1. How do 306, 175, 24 rank when sorted from fewest to most other Cβ atoms within 10 Å of their own Cβ?
2. Going down the table (97/244; 234/269; 269/294; 142/282; 108/214), which pairs top 24 Å between alpha carbons?
3. Report, please, the projected area of the chain averaged over directions, based on the convex hull of its C-alpha atoms, in nm².
4. For the chain, with the dipole built from +1 on Lys and Arg beta-carbon atoms and -1 on Asp and Glu ones, taken about the Cα centre, which of 240, 42, 92 lies farthest toward the positive end?
5. Let's see if you can work this out: charge +1 on each Lys and Arg Cβ, -1 on each Asp and Glu Cβ, no other charges. What is the dipole magnitude of segment 12-322 about its Cα centre, in debye to the nearest 20?
6. For a quick protection proxy, order the peptides 240-253, 287-300, 141-154, 122-135 by their average other-Cβ count within 10 Å, most packed first.
7. Report relative contact order for segment 12-322 in percent, whole number only (criteria: Cα-Cα under 8 Å, sequence separation at least 6).
8. Provide the net charge surrounding residue 22, with neighbours chosen by a C-beta distance below 11 Å and charges set as Lys +1, Arg +1, Asp -1, Glu -1.
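Every number here is computed from the coordinates shown, using simple stated rules; none is lab data. Since this is a predicted model, take the numbers as computed values, not measurements. Here Cβ is always computed from backbone atoms with ideal geometry, including for glycine, and neighbour counts include all displayed protein chains.
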Amino acid sequence: MVGYQKDDIMTPNQKLIAGCVSGMATRFMTQPMDIVKLRTQLQNLQALDKKKIWFRTTRKILREEGITAFWAGHNLGQIHSILAVTSQFYIYEVSTKYVAGLSQDKGKRPYLFFLCGVFSGCCCATLVLPIEVIRVRQMIVKEQYRGLFNGAKAVYNHGGILAFYEGLSASLLQMGPSVGISFGVFQSLQPRILSYFHDCSSGQCVHASSNTNKPEHLLVASTIAGSVAGFVAKSVTYPFDLAKRRLQIATHKEDFRYQTPSTSRNLVKCTNLADCIIKTLKKEGIRGLYRGWKVTVCKAQVTSVMSFTTYELMCYAIRELES
């Protein structure tokens, strides 16, 4: 299971591999929803019908840019996803192992493990933010920020070295609690679901030979727990996710040498976190902080389910090979 287990035979490096595979699979499946979510968050409401924003945005992208537009920035997204998911799981595993040795009080462990998740999220956010800034702009205007090095050059030319860390404050406030909540909910819910699959009628529970649980049981439990974890984590921290995206395009400027899609024009930009939230509240009300929430929650649930399930099944496979 996710988090430190005393009798687990897996090494940290093996868990690093499991996290890497999980990140790659997750990114490929969720990239189209990420494109729609981003464009929805950044569009100016004055130029857009408030009803079914995500549907209208999806239709426009498909009509104007084609099906491949939903995977714009995918190569860079894979690098981002591998670093993000791998670092999250790896740091969480290492930190939970450390805190498990600090306190034997089982009542305190959920709180300590939550803090481990927050720490993991903050480390991840800081590590991947420069790549995320480039990727976000590729998803707005693919041609203008094409490729890693050309995209990095364009970001630097518009805002200097600090442009790569636009939205850092919002990213830390969003990613830290989000990962902490996600891991906390998953780690609390998954074992309870798995307990229903154990055959204890004879007085002793029956398990797989080299793993605590069977793969089909892990799949069901991880899917349910991952879905709930993604929904709760993203809903609680969503306003910071919205602000982060608007901060990450603060220095973006349209280059008339490249064709800008209609869904990437007239964007809402921010340069300060507090000012971004206040202005959004004044102009759009509390609902404005949850613009694009529906597609984001769907994406968060798919992401959470894919990452946790793939990670758990990879860990299962590695343990089987080791045995």
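1. 24, 306, 175
2. Correct reply: 97/244; 142/282; 108/214.
3. 18.0 nm²
4. In the chain, that residue is 42.
5. 1280 debye
6. So the peptides 240-253, 287-300, 141-154, 122-135, ranked by packing, come out 240-253, 122-135, 287-300, 141-154.
7. 28 percent
8. Net charge around residue 22: +1.
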